[in-house]
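Read the structure below first, then the notes.
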Amino acid sequence: MKSGRTEPMTPPKRLLIILARNPLKGRVKTRLARDIGDEQALKAYRILLKHSIRTAVQSCVDTALFHSEPSPPPAEFIPQGSKTYCQEGKDLGERINNAFITGFTQGYQHIVLIGSDCLDIRPSHIKRAFALLDTHDAVLGPSLDGGFYLIGLKTPVPELFLHRTWSHEKVLDETIARLEAINLHFALIDKLTDIDTADTLQASRLWAPISIIIPTYNEQETIEATLQHLTKLTTDHVGTELLIADASTDNTATIASRFPNVTIIRSAKGRARQMNCGASHARGKLLYFLHADTLPPPDFMQHIRHAVTNGARAGCFQMRFDAREPLLEIYGWFTRFPLPVCRGGDQSLFITRELFDTIGGYNEDMLLMEDYDIVSRIEQVTPVHVLAAAVTTSARKFLRNGTLELQLHFAALHLKRALGATQEDLADYYRIHIKT
């Protein structure tokens, strides 16, 4: 006698396909490359592909990567545990269709396919698409450019992909028309942005056209850690450049040359000269001056971009020291206030290229206190915004000279300058009283 209970239905076997190009210079993001160059276009694509891979892994579903070249891409561009296949087909439609057929042939019943152009896609979009396939024949994720970033099916539908043109603003509309023509029930999920053009890139969080300029003089003990920190923080951004304006006689330049993302510029000695030299080679519309022994906060570019988007033309961060000393904590605490006496080069400085050129850059006649000078000239034009986050700077000079003693020497320098001391007099005082 049979039981009256209904056996639970076996969930459909699900597969997520990533259709991707191998990350090779000159072969990816060609439309974008026309505006930003092959190197930056490749960087953008690598970031986007890694995002698609992370999304796939976090979706907790079987994954297959279909790559464009005969050999798979490096392991970092393959989801862990994923199968890999070479794409087959003369055009995009044939490659998509053949990828679906491969998945269905292997026994998968619900298949979702994504590309590697969308930075906004999340595991929730993948899970939503699979859930909708339980009640629909197809699912589409529309993109703002008129295409789609995701498509899900539970049976092969070659009519959707073959004998048609791609890469135009009516791709989604034509796909929907084909679904309706063959009476397939479909659903749409969130509309997101594909990054294919300079406009979509510049509107995304990937875009950070910031030139980071670091003046160095015999910083072989600090420069490696600083560049490692900056490399990590700028990896997921496009348009950022790192420039070292170097006047060193030690191994600073040799150490910096180990970082392929760093441009080293030989400069005459003098921090003002070096920062102007770096600025003259910079391509960014936003300049960020940073000392070699100072580390910006993890999200410093987001802070700067947010400030500039909201109208700031110049600004700095608050500051803390890398040593736990009561007086140093007090000194750092005061950097939150927008007072000239609380400003200093260790806080770093961001400034738009337009404003930097308008005020004439750093004053190269300044042997000392060039940071106070440029801040005072900026504030004659526009406020210097103090951002909420803090940079971390080395306390080495305070530890060598005494935390109170060095601050008193700095106060003496400010007083001497206010009383009309020459730059040579200030430099002599600094050389005699302060250990570097």
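If you check Ile53, Ile18, which single one turns out to be touching a helix residue (DSSP H, G or I) at 6+ places or on another chain (Cβ under 9 Å), within 21 Å of Lys154 (Cα to Cα) and not hydroxyl-bearing (Ser, Thr, Tyr)? So that I can check it myself, show each step before the final result.
Working: Ile53 fails: within 21 Å of Lys154 (Cα to Cα).
The match here is Ile18.
Selection of the range 222-240 for residues being at pLDDT 95 or above and of a type in the set (Asp, Glu) yields only Glu224.
Counting residues in the range 101-110 that are in contact with a Ser or Thr (Cβ under 8 Å, 6 or more places away or on another chain), buried (at least 20 other Cβ atoms within 10 Å of the Cβ) and not in a strand (DSSP E or B) gives zero.
Has the range 71-83 got any residue that is on the phi > 0 side of the Ramachandran plot, buried (at least 16 other Cβ atoms within 10 Å of the Cβ) and in contact with a helix residue (DSSP H, G or I) (Cβ under 9 Å, 6 or more places away or on another chain)? Scanning the range 71-83, I find no residue that is on the phi > 0 side of the Ramachandran plot, buried (at least 16 other Cβ atoms within 10 Å of the Cβ) and in contact with a helix residue (DSSP H, G or I) (Cβ under 9 Å, 6 or more places away or on another chain), so the answer is no.
In the set (1) part of a helix (DSSP H, G or I); (2) modelled with pLDDT under 90, Phe398 fails one condition alone, (2). Answer yes if at least one residue in the range 31-38 is among the small types (Gly, Ala, Ser), in contact with a helix residue (DSSP H, G or I) (Cβ under 9 Å, 6 or more places away or on another chain) and at pLDDT 95 or above, and no otherwise. Within the range 31-38 (the criterion being among the small types (Gly, Ala, Ser), in contact with a helix residue (DSSP H, G or I) (Cβ under 9 Å, 6 or more places away or on another chain) and at pLDDT 95 or above), the answer is no, since none of the residues qualifies. Checked against the criterion of being of a type outside the set (S, T, N, Q), under 27 Å from Lys416 (Cβ atoms) and touching a residue at least 40 places away in the same chain (Cβ under 8 Å), the candidates Leu355, Leu328, Leu339 yield just one match: Leu328.
Examine the range 187-197 for a residue that is crowded, with 17+ Cβ neighbours inside 10 Å and hydroxyl-bearing (Ser, Thr, Tyr), and state whether such a residue exists. Yes, because at least one residue in the range 187-197 is crowded, with 17+ Cβ neighbours inside 10 Å and hydroxyl-bearing (Ser, Thr, Tyr).
So, of the residues in the range 52-84 that are assigned to a helix (DSSP H, G or I) and in contact (Cβ under 8 Å) with a residue 60 or more places away in the chain, which turns out to be nearest to the chain's Cα centre (by Cα)?
Ser52
The residues in the range 252-263 that are surrounded by 15 or more Cβ atoms within 10 Å (Cβ to Cβ) and either assigned to a loop (DSSP other than H, G, I, E, B) or at pLDDT below 95 (or both) can be counted, and the count is 1.
Taken as a whole, the structure leaves Asp357 outside the set of residues that are buried (at least 16 other Cβ atoms within 10 Å of the Cβ), acidic (Asp, Glu) and either outside the structural domain of Ile304 (by TED's automatic domain parsing) or under 20 Å from Gly278 (Cα atoms) (or both). The single condition from (1) surrounded by fewer than 18 Cβ atoms within 10 Å (Cβ to Cβ); (2) in contact (Cβ under 8 Å) with a residue 12 or more places away in the chain; (3) not in a helix (DSSP H, G or I) that Thr165 fails is (2).
Number of residues in the range 185-224 that are within 28 Å of Arg266 (Cα to Cα) and touching a residue at least 60 places away in the same chain (Cβ under 8 Å) equals 12. For the range 264-306, the tally of residues that are in contact (Cβ under 8 Å) with a residue 12 or more places away in the chain, in a helix (DSSP H, G or I) and closer than 22 Å to Lys232 by Cβ stands at 7.
Residues in the range 287-300: is at least one surrounded by fewer than 18 Cβ atoms within 10 Å (Cβ to Cβ), of a type in the set (S, T, N, Q) and within 27 Å of the chain's Cα centre (by Cα)? Spell out how you get there, then give the answer.
Step one: filter the range 287-300 for residues surrounded by fewer than 18 Cβ atoms within 10 Å (Cβ to Cβ), giving 298-299.
Going one step further and asking which of them are of a type in the set (S, T, N, Q), we end up with none.
Taking every residue of the range 287-300 in turn, none turns out to be surrounded by fewer than 18 Cβ atoms within 10 Å (Cβ to Cβ), of a type in the set (S, T, N, Q) and within 27 Å of the chain's Cα centre (by Cα).
Residues of the range 180-216 that are in a loop (DSSP other than H, G, I, E, B) and small (Gly, Ala, Ser): Ala203, Ser204, Ala208. The requirement of being farther than 29 Å from Thr105 by Cβ and among the charged types (D, E, K, R) is not satisfied by Arg54. Summed over the range 168-184, the residues that are loosely packed, with under 14 Cβ neighbours inside 10 Å and not acidic (Asp, Glu) give a count of 6.
What residue, among those in the range 319-354 that are among the charged types (D, E, K, R) and in a helix (DSSP H, G or I), is surrounded by the fewest Cβ atoms within 10 Å (Cβ to Cβ)? Before the answer, list the steps.
At the first step, the residues of the range 319-354 found to be among the charged types (D, E, K, R) are 320, 322, 324-325, 329, 336, 343, 346, 353-354.
Right, trim to in a helix (DSSP H, G or I) and you get 329, 346, 353-354.
Values: Glu329: 12, Asp346: 21, Arg353: 16, Glu354: 10.
This residue is Glu354.
Looking for something buried (at least 16 other Cβ atoms within 10 Å of the Cβ), among the aliphatic types (A, V, I, L, M) and in a helix (DSSP H, G or I) - is there at least one such residue anywhere in the range 231-238?
yes
The values are calculated or read from the model by the stated rules, or taken from the named source; none is laboratory data. Values in this document were obtained by computation on a predicted structure and should not be read as measured data. So basically every Cβ, Gly included, is an ideal-geometry build from the backbone, and we count neighbours across all protein chains shown.
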